[in-house]
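Student: Before I ask anything, let me first share the structure, which is written out below as structure tokens.
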Amino acid sequence: MITLLGKHGKHLTTLFQQIRGSKSWPVTKEVLDVQLNEIREAGTWKTERVIVTKQDALIRVEGSKEPVLNFCANNYLGLSSNAEVVKAAKDALDKYGAGLSSVRFICGTQDIHKQLEKKIAQFHEREDTILYASCFDANAGIFEVLLTPEDAVISDELNHASIIDGIRMCKAKRLRYKHRDMNDLKVKLQEAKDCRLRLIATDGVFSMDGNVAPLKEICDLADEYNAMIFMDDCHATGFFGKTGRGTEEYFGLQGRVDIINSTLGKALGGAAGGYTTGKKELIDLLRQRSRPYLFSNSLPPAIVASASKVFDILMHNNQLSDKVANNTKLFRSEMKSLGFDILGDNHPICPVLLGDAKLATVFADKMLEKGIYVIGFSYPVVPKGRARIRVQISAAHSKDDIMKTVNAFKEVGKSLNVI
């Protein structure tokens, strides 16, 4: 080994021995324990509750004697366990197998992948679509391909981590504007006026607060400064807007956004997968250059088929999006009437602001005792002093489910002197 590795052979051999279990390995248990203890002491340790049933409005959590109502999931349309969606996945598993064992351009594309991409483009009224293993991958794969050092990307400061990470990988000039602050966005666009391309990047809906990007104003500024718009619409696709077409439809701005990225892992079946949809030339370029697409296995057939069935359901009627909208209106109005501070813009993400991190944790635990599964969010997931219970409404919830949850909030809120 030393001969093959040349003059650095002894050092590398020692490193290999360390990695194989030597006590002198530099990343010792003590080093890791210091970091882990820092997380615990900061009160930001994330404990994962274990669900022992399928994802639905009513679930069973390991350690709980009775089923509990789930108000934590991104299962906005209640389709994660829909019988038609599950059957489509089972049928695809029988017909197409468990997976493709390859990336798309080698031997990992099946007819159902192309069919789903066509349906997504039709749903969004775009020219073409490209599938990814996740929307995190879709966001990681676009900025580096599209932007050069001669360009600028101007990003909302509270954009999702995947957008931030994707932007880090490109060589364009990077500018951040204050959250939903159109005056600051205008300043940044003026700063980038001499760049070849200007790309505004925003979430459609910001998941921590449930607030919506001021899309009309963003579009108007993009027109004024000849800029493109990229939007991550993961927390809107399928259920937000009159027919579930997302943030564009919510504002009546269909076709104004240049690039839309979204996920199949929330409202659209809840399994996995993401996509970019837009102009055909853009999608063609991503197929040639986007690294997460070129170097990741194609989506498993069962996931493709289940998502395809979801789009069939959505394009035939909008009953589910109507239901989640009505459930959202009911929950928000009832909670506000009790005196709770509910954040957000009429979106199914309904953060109940509590302020104190420990209070949020205790509140969530007491809600679980009453049969309601919710989670407390605190720093660094949200700013200090802005801890909350993030409630997520679904079309799978009945009116009785909503009112049971509201009553539980009332009882716990009074016992903890919140209301």
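The values are calculated or read from the model by the stated rules, or taken from the named source; none is laboratory data. Since the structure is predicted, the reported quantities are computational estimates derived from the model, not experimental observations. Here the Cβ positions follow ideal geometry from the backbone for every residue, glycine too, while neighbour counts run over all protein chains shown. Accessible surface areas use protein heavy atoms only, side chains included; no ligands, DNA or RNA. Shrake-Rupley method; radii C 1.70, N 1.55, O 1.52, S 1.80 Å.
Student: Can you compute the equivalent ellipsoid semi-axes for the range 262-333, i.e. the square root of 5 times each eigenvalue of the Cα gyration tensor, sorted largest first and rounded to whole Å?
Tutor: Values: eigenvalues 183, 41, 31 Å².
Equivalent ellipsoid of the range 262-333: 30, 14, 12 Å, largest first.
Student: Follow-up question, since we're still on this one. Heavy atoms only, probe 1.4 Å: what % of the accessible area of the chain goes to carbon and sulfur, would you let me know?
Tutor: Details: 10600 of 20700 Å².
The computed percentage sits at 51.
Student: Here is a further query. Rounded, prolate or oblate: which fits the range 128-173 when a ≥ b ≥ c are the square roots of the eigenvalues of the alpha-carbon gyration tensor, with rounded for a/c under 1.5 and prolate only if a/b beats b/c?
Tutor: Working: a/c = 2.19, a/b = 1.30, b/c = 1.69.
It is oblate, given that a/c is not under 1.5 and a/b is not larger than b/c.
Student: Ratio of the range 83-316's C-alpha Rg to 2.2 N^0.38 Å, to two decimals?
Tutor: On the way: Rg = 17.4 Å, N = 234, 2.2 N^0.38 = 17.5 Å.
Taking the Cα Rg and dividing by 2.2 N^0.38 Å, one obtains 1.00.
Student: Now, a different point. Classify the range 43-147 from the C-alpha gyration tensor, please: rounded if a/c falls under 1.5, else prolate or oblate depending on whether a/b exceeds b/c. Display every interim value, and only then the final one.
Tutor: Working: a/c = 2.07, a/b = 1.55, b/c = 1.33.
Since a/c reaches 1.5 and a/b is larger than b/c, the shape of the range 43-147 is classed as prolate.
Student: Label the chain by shape, choosing from rounded, prolate and oblate, from the square roots a ≥ b ≥ c of the eigenvalues of the Cα gyration tensor; if a/c is under 1.5 it is rounded, and otherwise prolate applies when a/b is larger than b/c, oblate when it is not.
Tutor: Numbers: a/c = 1.32, a/b = 1.13, b/c = 1.16.
The shape class here is rounded.
Student: May I pose another question? If the cut-off is 24 Å between C-alpha atoms, which lysines fall inside it for K171, apart from same-chain ones fewer than 8 positions away?
Tutor: K186, K188, K193, K279, K280
Student: While we're here: For K414, which lysines qualify as cross-link partners when the Cα separation must be under 24 Å and same-chain residues fewer than eight apart are set aside?
Tutor: K329, K336, K358, K366, K370, K384, K399, K404
Student: Give a quick list of trypsin sites (Lys or Arg not before Pro) in the range 241-315 that DSSP marks as loop, anything other than H, G, I, E or B, with at most 15 other Cβ atoms within 10 Å. Mind showing how you got there, number by number?
Tutor: Working: sites: K242, R245, R256, K266, K279, K280, R287, R289, K309; in loops: K242, R245, R256, K266, K279.
Here the trypsin sites (Lys or Arg not before Pro) that fit, given the DSSP loop and packing criteria, are K242, K279.
Student: Net charge near L343: determine it from the other residues with C-beta under 14 Å of the C-beta of L343, scoring Lys and Arg +1 and Asp and Glu -1. Could you put the intermediate results ahead of the total?
Tutor: Values: positive: R180, R332, K336, R386, R388, R390; negative: D209, D341, D345.
So the surrounding residues net to +3.
Student: Continuing with this model, one more query. Under the definition of Cα pairs under 8 Å and six or more residues apart, what whole-number percent is the relative contact order of the chain?
Tutor: In percent, rounded to a whole number, it is 20.
Student: For I393, what charge total do you get from the other residues with a beta carbon under 12 Å from its beta carbon, if Lys and Arg give +1 and Asp and Glu give -1?
Tutor: Result for the local shell: +3.
Student: Convex hull over the Cα atoms of the range 88-135, averaged projected area in nm²?
Tutor: Mean orientational projected area (the range 88-135, Cα hull): 4.0 nm².
Student: Taking a cut-off of 18 Å, what percent of all Cα-Cα pairs in the range 325-383 are separated by more than that? Spell out each step's value before the answer.
Tutor: Working: 684 of 1711 pairs.
Looking at the range 325-383, the distances longer than 18 Å represent 40 percent of pairs.
Student: Choose one of G141, G99, C350: the residue whose Cα lies farthest towards the positive end of the charge dipole of the chain (beta-carbon charges +1 Lys, Arg; -1 Asp, Glu; about the Cα centre).
Tutor: Checked the options; the winner is G99.
Student: Sticking with this one: Of L268, I154, L116, which is farthest on the positive side of the dipole of the range 83-316, counting Cα position, with +1 on Lys and Arg Cβ, -1 on Asp and Glu Cβ, and the Cα centre as origin?
Tutor: L116
Student: Given charges of +1 on the Cβ of Lys and Arg and -1 on the Cβ of Asp and Glu, with all other atoms neutral, how large is the dipole of the chain about its Cα centre, in debye to the nearest 20?
Tutor: Details: 57 positive and 51 negative charges, 182 e Å.
The calculation lands at about 880 debye.
Student: May I ask you to give the solvent-accessible area per residue for the chain, in square angstrom, as obtained with a 1.4 angstrom probe? Walk me through the intermediate numbers first.
Tutor: On the way: 20700 Å² over 419 residues.
Normalised by residue count, the accessible surface of the chain is 49 Å².
Student: Let me ask something else about it. Treating only the Cβ of Lys, Arg, Asp and Glu as charged (+1, +1, -1, -1), what charge dipole size does the range 260-328 show about its Cα centre? Round to the nearest 20 debye.
Tutor: On the way: 8 positive and 4 negative charges, 43 e Å.
The calculation lands at about 200 debye.
Student: How large is the helix-only mean residue ellipticity at 222 nm for the chain, computed as the sum of -39500 (n - 2.57) over DSSP H runs with n ≥ 4, divided by its residue count, in deg cm²/dmol to the nearest 500? Don't skip to the end; give the middle numbers.
Tutor: Numbers: 18 runs with 182 residues, N = 419.
Rounded to the nearest 500, the figure is -13000 deg cm²/dmol.
Student: Related question: What longest range of the chain stays clear of loop-exposed chymotrypsin sites (Phe, Trp or Tyr not before Pro) (DSSP non-H/G/I/E/B, at most 15 other C-beta within 10 angstrom)? If you can, show how the numbers build up before the last one.
Tutor: Values: sites that count: W45, F295.
Result for the longest clean stretch: 46-294.
Student: Using the Cα centre of the range 83-316 as the reference point, and only Cβ charges (+1 on K/R, -1 on D/E), how large is the resulting charge dipole? Debye, rounded to the nearest 20. Could you put the intermediate results ahead of the total?
Tutor: Values: 31 positive and 33 negative charges, 90 e Å.
That gives a dipole near 440 debye.
Student: Relative contact order, percent, of the range 83-316 when contacts are C-alpha pairs under 8 Å separated by at least 6 residues? Could the numbers behind the result be given before it?
Tutor: Numbers: 477 pairs, mean separation 74.0, N = 234.
Taking the mean separation of contacting Cα pairs over the length of the range 83-316, I get 32 percent.
Student: While we're on this one: Consider just the alpha-carbon atoms of the range 175-305 and return their Rg together with their Dmax, both in angstrom.
Tutor: Rg then Dmax for the range 175-305, in Å: 15.8, 47.
Student: Sequence-distant or interchain residues sharing an amide H contact under 5 Å with F377, placed H: which?
Tutor: R388, I389, R390
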